[in-house]
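The values are calculated or read from the model by the stated rules, or taken from the named source; none is laboratory data. Just so it is clear, the model here is predicted, and its values are computed rather than measured. Please note: Cβ atoms are built from the backbone with ideal geometry, for glycine as well, and neighbour counts cover all protein chains shown. Accessible surface is based on the protein model in full, side chains and every heavy atom, while ligands, DNA and RNA are left aside. Shrake-Rupley method; radii C 1.70, N 1.55, O 1.52, S 1.80 Å.
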Amino acid sequence: MDRIRVLAADDNPLVRKQLEVFLNGKDDLELVGVAEDGTGALEIMREKPVDVLLLDMVMPKMDGFSVLKEMNTLDLVHKPHVIVITALMRDDFIQRALSLGVDYYMLKPFEPEELLARVENILRRAQKERTRFVFDALTVDLPS
């Protein structure tokens, strides 16, 4: 399997550094970018393929909700899976994020190994879905 391309977007420099150190220490992950706000995250997504976006919800210039809305309108070749990492625990925020396509919603502080487990889980599910889709397509195309 190719390395998992990860983009981290968080306005907190300590969290960005924690994510950067942790992600760079994993052989199966490639940190393709680190952004301090939503605008920077979108710029990186336009330039590089991203498998997983780690997204804070409260950031300057453009918050996480705005990133999710904008990302859904972009013509990206590869739309990333999204893991929200935030201190916001409100049910309405969680429901809104999930409705915008978030795969996981994690609260700060978080355990790096738990984050890694979430990334791997997302990609396992995505691989199963792609396999099922290909199998279904082949099944439909078989002569009767």
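Ranked highest first by the average count of other Cβ atoms within 10 Å around their residues, in what order do 46-57, 90-101 fall? All intermediate terms of the calculation are to be shown ahead of the outcome.
Numbers: 46-57: 21.1, 90-101: 13.2.
Going by the mean number of other Cβ atoms within 10 Å, highest first, we get 46-57, 90-101.
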How many Å² of accessible area per residue for the chain, probe 1.4 Å?
59
Among LEU74, LEU19, GLY33, pick out the residue whose Cα is farthest towards the positive end of the charge dipole of the chain, where Lys and Arg carry +1 and Asp and Glu carry -1 on C-beta, about the Cα centre.
LEU74
Carbon and sulfur together cover what percent of the accessible area of the chain at a 1.4 Å probe radius?
54
For the stretch 66-123: rounded, prolate or oblate by the Cα gyration tensor [a/c cutoff 1.5]:
oblate
Please say if the stretch 1-69 is rounded, prolate or oblate, where rounded means a/c under 1.5 for a ≥ b ≥ c the square roots of the C-alpha gyration tensor eigenvalues, and otherwise the choice is prolate for a/b larger than b/c and oblate otherwise?
oblate
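What number comes out for the charge environment of PRO60, summing +1 per Lys or Arg and -1 per Asp or Glu over other residues with Cβ under 10 Å away?
Local charge sum for PRO60: -3.
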Treating every alpha carbon of the chain as one equal point scatterer without solvent, the Debye formula yields log10 I(q)/I(0) values at q = 0.09, 0.11, 0.15 Å⁻¹ of -0.29, -0.42, -0.73
Sorted by accessible area (1.4 Å probe), largest first, how do THR86, THR39 line up?
THR39, THR86
